[in-house]
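S.K.: Below is a structure I'd like to ask you about.
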Amino acid sequence: MKYLDWNFITKYAPLYAEAAKLTVFIAFWGILLAFAVGVICSAALYYKVPVLRRIIQAYIELSRNTPLLVQLFFLYFGLPNIGIVWSGETCAIIGIAFLGGSYMTETLRSGLESIDKIQEESAASLGLNKWLTMKEIIFPQAMAISVPGICANVIFLIKETSVVSGIALADLMYVAKDLIGLYYKTDESLTMLVIAYLIILLPVSIIATLLERRMRHAGFGN
């Protein structure tokens, strides 16, 4: 039976800690931007804005049907050919936002469409404009209904950050591959990788479960 080299793990665990900070940084800003994109695009689809609707539908198809790694390569290696140069971190954040925005859009759109149209009509009869109706009545309910899908998207996008090593960012996956290549300590490197992702994802998963239960108890999502 092969045992783990705990001296190796102790020595290189700090590298994973630093890589985890980068992973969380990219995931946080990427997901935040993805949610903002989802809010704007889902509202445009809900109100059937003619030109925007077609653009958003094309964006969703492009985003969801191309791999994130390809999108990152385009941002990092392709754009400099036309004079647009961004750092690896910026490309990673935009890539996560581009991919996540389409998933958030579909999730929030489903939530918006599940709201009874009579609520919008009632708000209009009370003199509320479309902006106030969306802000005060429609969107809060849609958001509550969409919580499970949003939480699933957040976890999915955090895991998708594992591909940013493809543009030379020293994230968790990059560190693991580097250590395996240098020292052939596959078991130890992968064990630390798994533990690092668990430390990041378990709290998110627990919070997501608690939010879903709260929404169900409040009468949403059923």
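The values are calculated or read from the model by the stated rules, or taken from the named source; none is laboratory data. No experiment lies behind these values; they were computed from the predicted model shown. Backbone-built Cβ (ideal geometry, glycine too); neighbour counts: all protein chains shown.
S.K.: When you look at LEU169, is it in contact (Cβ under 8 Å) with a residue 40 or more places away in the chain, part of a loop (DSSP other than H, G, I, E, B), buried (at least 17 other Cβ atoms within 10 Å of the Cβ) and not charged (D, E, K, R), yes or no?
M.R.: yes
S.K.: Name every residue in the range 155-202 that is among the basic types (Lys, Arg) and within 16 Å of the chain's Cα centre (by Cα), in order of residue number.
M.R.: LYS159
S.K.: If you don't mind, there's one more thing I want to ask. Which residue is modelled with the lowest pLDDT, if the candidates are limited to the range 172-194 and must be in contact with a helix residue (DSSP H, G or I) (Cβ under 9 Å, 6 or more places away or on another chain), surrounded by fewer than 16 Cβ atoms within 10 Å (Cβ to Cβ) and not basic (Lys, Arg)?
M.R.: Among those that are in contact with a helix residue (DSSP H, G or I) (Cβ under 9 Å, 6 or more places away or on another chain), surrounded by fewer than 16 Cβ atoms within 10 Å (Cβ to Cβ) and not basic (Lys, Arg), it is TYR183.
S.K.: Can you tell me which condition GLY101 does not meet? The list is (1) surrounded by fewer than 18 Cβ atoms within 10 Å (Cβ to Cβ); (2) of a type in the set (Gly, Ala, Ser); (3) modelled with pLDDT of 85 or more, and all the others hold.
M.R.: For GLY101, the exception is condition (1).
S.K.: Collect the residues in the range 1-60 that are within 30 Å of MET134 (Cα to Cα) and in contact with a Lys or Arg (Cβ under 6 Å, 6 or more places away or on another chain), keeping them in residue-number order.
M.R.: SER42, LEU45
S.K.: Counting only residues that are among the polar types (S, T, N, Q) and free of Cβ contacts under 8 Å to residues at least 40 places away in the same chain, how many does the range 138-161 have? Show your work before the answer.
M.R.: Of all residues in the range 138-161, those among the polar types (S, T, N, Q) come to 141, 146, 153, 161.
Those left that are additionally free of Cβ contacts under 8 Å to residues at least 40 places away in the same chain: 146.
The qualifying residues number 1.
S.K.: Tally time: how many residues in the range 121-151 are surrounded by 15 or more Cβ atoms within 10 Å (Cβ to Cβ) and part of a helix (DSSP H, G or I)? Spell out the reasoning first.
M.R.: To start, the set of residues in the range 121-151 that are surrounded by 15 or more Cβ atoms within 10 Å (Cβ to Cβ) comprises 123, 128, 133-134, 137-139, 141-151.
Pick out the ones that are also part of a helix (DSSP H, G or I) and you get 123, 133-134, 137-139, 141-151.
Counting residues in the range 121-151 that are surrounded by 15 or more Cβ atoms within 10 Å (Cβ to Cβ) and part of a helix (DSSP H, G or I) gives 17.
S.K.: Mind listing whichever residues of the range 1-36 are at pLDDT 95 or above and more than 22 Å from SER162 (Cα to Cα)?
M.R.: Listed by number, the list holds a single entry, ALA36.
S.K.: Which numbered condition trips up TYR46, out of (1) surrounded by fewer than 14 Cβ atoms within 10 Å (Cβ to Cβ); (2) more than 16 Å from the chain's Cα centre (by Cα); (3) under 19 Å from SER146 (Cβ atoms)?
M.R.: The single condition TYR46 does not satisfy is (1).
S.K.: I would also like to ask the following. Just to verify a result, which residue in the range 172-182, among those that are of a type outside the set (Lys, Arg) and in contact (Cβ under 8 Å) with a residue 12 or more places away in the chain, is nearest to ALA20 (Cα to Cα)?
M.R.: Within the range 172-182, the subset of a type outside the set (Lys, Arg) is 172-176, 178-182.
Next cut, in contact (Cβ under 8 Å) with a residue 12 or more places away in the chain only: 172-176, 179.
Details: LEU172: 6, MET173: 10, TYR174: 11, VAL175: 10, ALA176: 12, LEU179: 15 Å.
Per the criteria, the residue is LEU172.
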